[in-house]
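Colleague: The following block contains the structure, expressed as C-alpha cells.
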Ligand SMILES: [Zn+2]
C-alpha cells in the first residue's frame, strides 16, 4: 500500500489520461486472457505515454546486490535491520558504513543491457513524439547513467543526502562521502563496526547548521521522521 501511494503521488502529475488509461485497461485484459507478445507489441505501438516500472533485478545484472534475495546480507544484518530511522538513531555510524558500501558499489557499476535498452527506447520514441517515464525502486542512478531522461525514483537516491536538522537535500557523489568512511563498509560478516563518532560522519554544509546527514532514501517505517541530532 505504501509503495502504491508513493508511486501515485510521484507519478500522477506525469501521466495523462486518454491513451494511457486505454492502454492500461487493455493490458489488464491481456494479462488476464493470454500471454501473447504480439498483442502486447500491438498495444505498445499505439501507446503515446509509456511508463516502465523497474526493480532490483535490473540492477542485479549490473552487479548491484539486491539484499532481498537469499543470503542477501551486509555483515550479519538484513536491509530491514539497517534501513530504518530507529537503527540510524541508535547507530548512525553502522548505517553510514552500509550506505557508503552501497554508494561505492553503485559508483563503480555500469548500466546493464536492460538499463541501456530502456534508455534507447526513450530516445527512439521521443523522436516520434511519444513519452517514456521510468518508475524505479532502485536508488543507484544506473538508469540516469544509461541515458534515461525521465526517471522517478520512488525509493530515493543513494547520491542525495538529507540533513536531519534543517532538511536540506543535496546531490553528493563524493567518494568517500567523508574521510572517516574511507576504507570502511566491508560486508564481510567477520568485520566489526567502525564506531565512527557522530561528529565525523557526513555533516550539513548549510551555513550555521552542521546537522547530521542521512541518505535521502526511503527507509522502512520512514514517515514522520524526527531526529535528535
Ligand atoms: Zn542542515
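The values are calculated or read from the model by the stated rules, or taken from the named source; none is laboratory data. Note that the structure is a prediction, hence the values are computed from the model and not measured. Neighbour counts are summed over all protein chains in view; Cβ atoms, including those assigned to glycine, are modelled from backbone coordinates with ideal geometry.
Colleague: Restricting to region 143-176, name every residue that is without any contact (Cβ under 8 Å) to a residue 24 or more places away in the chain and part of a strand (DSSP E or B).
Modeller: Selection gives 151, 153, 171.
Colleague: Another one. Checking residue 185 against (1) part of a loop (DSSP other than H, G, I, E, B); (2) out of contact with any helix residue (DSSP H, G or I) (no Cβ under 7 Å at 6 or more places or on another chain); (3) buried (at least 22 other Cβ atoms within 10 Å of the Cβ), which single condition isn't satisfied?
Modeller: So residue 185 meets the others, but not (2).
Colleague: Turning to a different aspect of this structure: Of the conditions (1) at pLDDT 95 or above; (2) closer than 24 Å to residue 84 by Cβ; (3) within 16 Å of the ligand (Cβ to nearest atom), residue 191 clears all except one; give me its number.
Modeller: Here residue 191 meets the rest and fails (3).
Colleague: Are there helices (runs of 4 or more DSSP H) fully within region 30-140 with at least 2 residues that are modelled with pLDDT of 95 or more and more than 17 Å from residue 215 (Cα to Cα)? List them. Even if it seems obvious, please write down each step before you answer.
Modeller: Values: elements: 37-46, 56-60, 79-82, 85-90, 92-107, 113-126.
Where helices (runs of 4 or more DSSP H) fall fully within region 30-140 and carry at least 2 residues being modelled with pLDDT of 95 or more and more than 17 Å from residue 215 (Cα to Cα), they are 113-126.
Colleague: Output the number of residues of region 80-94 satisfying the condition of being closer than 20 Å to residue 138 by Cα and without any contact (Cβ under 8 Å) to a residue 60 or more places away in the chain. Break it down into steps so the answer makes sense when it comes.
Modeller: If we filter region 80-94 for residues that are closer than 20 Å to residue 138 by Cα, which is where we start, we get 80-85.
Then drop every residue that is not without any contact (Cβ under 8 Å) to a residue 60 or more places away in the chain, which leaves 81-82.
So the answer is 2.
Colleague: Hey, could you check region 195-225 for residues that are outside any loop (DSSP other than H, G, I, E, B) and in contact (Cβ under 8 Å) with a residue 60 or more places away in the chain and say which is nearest to the ligand (Cβ to nearest atom)? Give the derivation first.
Modeller: Taking region 195-225 and keeping what is outside any loop (DSSP other than H, G, I, E, B), we get 198-200, 203, 212-217.
Next, from what is left, pick out any that are in contact (Cβ under 8 Å) with a residue 60 or more places away in the chain: 198, 212, 214-217.
Values: 198: 14, 212: 9, 214: 11, 215: 15, 216: 13, 217: 17 Å.
The extreme case among them is 212.
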